[in-house]
1. Name the residue that is nearest to the chain's Cα centre (by Cα), counting only residues in the stretch 207-249 that are under 22 Å from E133 (Cβ atoms) and among the aliphatic types (A, V, I, L, M).
2. In the stretch 133-209, which strands (runs of 3 or more DSSP E) lie fully inside it and hold 3 or more residues that are surrounded by fewer than 22 Cβ atoms within 10 Å (Cβ to Cβ) and of a type in the set (S, T, Y)?
3. Check the stretch 185-198 and report whether any residue there is at pLDDT below 95 and within 19 Å of D110 (Cα to Cα).
4. Of the residues P208, P197, which is in the same structural domain as S135 (by TED's automatic domain parsing), touching a residue at least 40 places away in the same chain (Cβ under 8 Å) and closer than 30 Å to V87 by Cβ?
5. Give the residues of the stretch 77-118 that are among the β-branched types (V, I, T), over 17 Å from K154 (Cβ atoms) and surrounded by fewer than 18 Cβ atoms within 10 Å (Cβ to Cβ), sorted by residue number.
6. When the stretch 211-244 is examined, which residues are found to be touching a residue at least 40 places away in the same chain (Cβ under 8 Å) and in a loop (DSSP other than H, G, I, E, B)?
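The values are calculated or read from the model by the stated rules, or taken from the named source; none is laboratory data. Remember, it's a predicted structure, so these values are computed and weren't measured experimentally. When we count neighbours, we look across all protein chains shown, and the Cβ atoms used for this are built from the backbone with ideal geometry, even at glycine.
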Amino acid sequence: MRNYWSLLPAVLVIMGLILVYAIPTIINPQWTSSIMALFRTTSMPDDATPEEARQAAGVLSPQQLKSRRMLAISLVVGALALVGFNVSLNREANGCYQAARAFGAIDGPDTKDPCIEMIYGTFMGDGSRAPTEKSQQPVKYYQRVDGKKPKYLKWIQNAPKYDEVDLLFGTVGKCASDLSVQQLEDKIMVVVDVDAPCPEDSSMSVTPIKLKKPLGDRKIVTVDDEPVTEINPDMDSWFTVLKKLATGG
């Protein structure tokens, strides 16, 4: 299972550096300069000028105080930007992972890069084919896109456009081209048109379906008129991500 633990070492190191150097420097650059002066090993000559004595003691001029403070502020901004960038990438990967798992994908080789390999828009087949096999396999899950616009769709390969899809049906990649969606007057019938169950896989293909008319009270069913389960996976909110970072979840 993916989580945000992988970011914690980098976050702790960055925040530690900020706390040790940048924050005290922003408050009073003279503090850090005086502390660093304690570790200097070069001796001051006997004929040193007052200015050289000030520098050896770590006393900063007004211009140096300003420049040190600006540098510290830049470090804080850069560190926060780096953390935000890494959290953003991890948030996207986790969103794709959660969506793939919700549609039925299992952990496997494709888990390493969820938005590229674990879940993607169907490349072959659009679900419009009529079933031809004597027996078909059930489809377990669907997701409504109309009005909800799940954010993970922005990051997957071959993603459908929000205004061109109403429903998403997930099938393992090897069976995606065998998906059959029949839009009937009283129901939406969805099956995988193969005579043997599709093997579990870590690769999940989602097929977008544009309804010819509003769903209304029509049920979405599969083999033997069993209802297809509606799911609603999406990316974690930033608040949730930060909470998981803080708790290691």
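1. Looking at residues that are under 22 Å from E133 (Cβ atoms) and among the aliphatic types (A, V, I, L, M), I get I209.
2. Ranges flagged: none.
3. The answer is yes, given that some residue of the stretch 185-198 is at pLDDT below 95 and within 19 Å of D110 (Cα to Cα).
4. P208
5. V77, V83, I106
6. Within the stretch 211-244, L211, L215, T222, E226, V228, I231, N232, P233, D234, M235, D236 qualify.
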